[in-house]
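Note sheet for the following structure.
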Amino acid sequence: MVSDRAQCTTIFFTAMCLNLLSMRTITVTVLILSTLISFNNPSAAQAYKINTFSGSVGAEVLFAESKLAATNKRGAGVTLKGEYVFAGHVSGTISGGYYFMAGKKRLNIKNPDISAIPLKLGARYYLGSFYGAGEVGAIFFRGDNSRTGFSYSLGLGDKFKLGRNVFDIGLRHEGWSTADNSRGIIALRVAYEFSLNRKQNTIIPAL
């Protein structure tokens, strides 16, 4: 029989992949998922033991928010993340990667593509395998409009096992600020995770 957790995760994946999703739908989906996970794991320990260092490689879908949506299409990214558990329920993260969002055409004039490299430091707080996360750092825009901006993000996520493989799925709001502009995205990240110095704690739920 499929568990409540597996059903919730399946619903979440399906909803995130639909082209008709609005920002309100994304928010509601995350709130429902986080509430169900909290009820299913009321007293679970953190997903990794203290002093565990892990890495992950993830693919991202980037949804442009209001101002950015007027000039650029939905985009994609790839990110690398390192995570170190240094206290009960708390870990620190470092991440970097590459984003690309094609420019839209308006009145036969194409807006510039966005090609950028983010580099951020952050922290996560765990309730079982579910977590809240925050990050701050820099984003380096490439191409004709090369410049550096400030970047921050706030999000929610969950880790789960499929067989012996561990996956990390997260949803976040990310803001970019430069001297002349402020823009934002909603990013969905699905990543394969691996422990670098010890095996994962078996508390991570299997689907």
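The values are calculated or read from the model by the stated rules, or taken from the named source; none is laboratory data. As the structure is a computational prediction, the values presented were derived from the model and not from experiment. Quick reminder, even Gly has a Cβ in these numbers, built from the backbone with ideal geometry, and neighbours come from all protein chains shown.
Can you find a residue in the stretch 113-120 that is more than 18 Å from Gly77 (Cα to Cα), of a type outside the set (Lys, Arg) and part of a strand (DSSP E or B)?
No, there is no match, as no residue in the stretch 113-120 is more than 18 Å from Gly77 (Cα to Cα), of a type outside the set (Lys, Arg) and part of a strand (DSSP E or B).
Give the residues of the stretch 79-110 that are more than 15 Å from Glu193 (Cβ to Cβ), of a type in the set (Val, Ile, Thr) and modelled with pLDDT of 90 or more, sorted by residue number.
Correct list: Val90 only.
Just checking, does the stretch 116-129 include any residue being modelled with pLDDT under 95 and touching a Pro at 6+ places or on another chain (Cβ under 7 Å)?
Checked against the condition, which is being modelled with pLDDT under 95 and touching a Pro at 6+ places or on another chain (Cβ under 7 Å), the stretch 116-129 yields at least one hit.
Can you report the number of residues in the stretch 152-185 which are surrounded by fewer than 20 Cβ atoms within 10 Å (Cβ to Cβ) and either aliphatic (A, V, I, L, M) or on the phi > 0 side of the Ramachandran plot (or both)?
The qualifying residues number 6.
Any residue at all in the stretch 137-145 that's charged (D, E, K, R), over 15 Å from Gly75 (Cβ atoms) and crowded, with 16+ Cβ neighbours inside 10 Å?
No, every residue in the stretch 137-145 fails to be charged (D, E, K, R), over 15 Å from Gly75 (Cβ atoms) and crowded, with 16+ Cβ neighbours inside 10 Å.
Could you run through the stretch 130-146 and say how many residues are basic (Lys, Arg) and either modelled with pLDDT under 90 or at positive phi (or both)?
0
What residue, of Phe86, Phe150, Phe160, Phe130, is over 30 Å from Ile50 (Cα atoms), touching a residue at least 12 places away in the same chain (Cβ under 8 Å) and among the aromatic types (Phe, Trp, Tyr)?
It is Phe150.
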